[in-house]
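Everything below concerns the one structure shown next.
Nothing in this text is a laboratory measurement; each read-out follows from the coordinates by a stated rule. Since the model is a prediction, treat every value here as computed from it, not as a measurement. Counting neighbours? That spans all protein chains shown, and the Cβs are built from the backbone with ideal geometry, glycine included.
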């Protein structure tokens, strides 16, 4: 296999537990770039949140944000792909979420998806509250659904996995993506996107644009929202800090604290 592109998740994969990229992995990214390998980060973060932990001159070529909701040419900073849920659909979804009495956020269109309206029904949801605190300058309590516009995604945050099947069953016409919270690393996030949106479809479309065959790609992830791209690359890996059921499905490598990218690329032809 002659590797043409490497796709790697950010939180819990490329970032270690201190939310930093290992020096060895950073050097590997530089080496990949020198050899013409396309370097792609696929993250669930918004662009704003991504910029909190990664510098503008970081050695990658393309950035997939919001779990596939948008794609950015990292060198030019140009948004090359973007998806959203229409205002009408957003309002219909919110009415159902209000009936379910779940805690949710309606995220603005990319690139402003760090801005959102929210409603909280539960008496305690530390992860939800902490996120609102982090983004306090950019969030607003939802009083009337007529305040809502087109949205990049809607995020439901719960403290247990009971919410998973409820949301999947209720919103079958949308792309539903499960993720583990990057804030407390345990709360369940269920994210609603327009149909077909996920990291896998974003990777596929990007590779088509770049004339890269998926047979020449490698993917590394750590969570449920990585499944869609891990399933389409030629070689897929999951880090050892991933959920147990994912480690049974994919080849498991060392943890996010031990430079997983360098581990995979050691001895790989590129």
So for the range 78-185, considering every pair of alpha-carbon atoms, how many percent are separated by more than 17 Å? 53
Peptide ranges 107-115, 14-22, 28-36 listed from the most packed, as the mean C-beta count within 10 angstrom indicates: 107-115, 14-22, 28-36
Test of understanding: in a Gaussian network model of the chain with alpha carbons linked when under 10 Å, which of 133, 252, 13 would top the mean-square fluctuation ranking? 133
Relative to the longest principal axis of the chain, what angle (0 to 90°, nearest 10) does the C-alpha long axis of helix 199-209 take? 50
Springs between alpha-carbon pairs under 10 angstrom, Gaussian network model over the chain: which of 231, 98, 245 fluctuates most? 245
Full-extension gain between residue 23 and residue 140, please, as 0.36 nm times their residue separation minus the C-alpha to C-alpha distance. 38.3 nm
As a test, work out the antiparallel percent of DSSP beta bridges whose residues both lie in the range 87-193, rounded to the nearest 5. 85
Taking 131, 210 and counting other beta carbon atoms within 10 angstrom, the fewest-first order is 210, 131
Between residue 99 and residue 78, Cβ-based FRET efficiency (R0 51 Å, step 0.05) works out to 0.80
GNM of the chain, Cα pairs under 10 angstrom: of 177, 212, 72, the biggest fluctuation goes to 212
Taking every eigenvalue of the Cα gyration tensor of the range 103-147, multiplying by 5 and rooting it, what semi-axes result, largest first, whole Å? 17, 14, 8
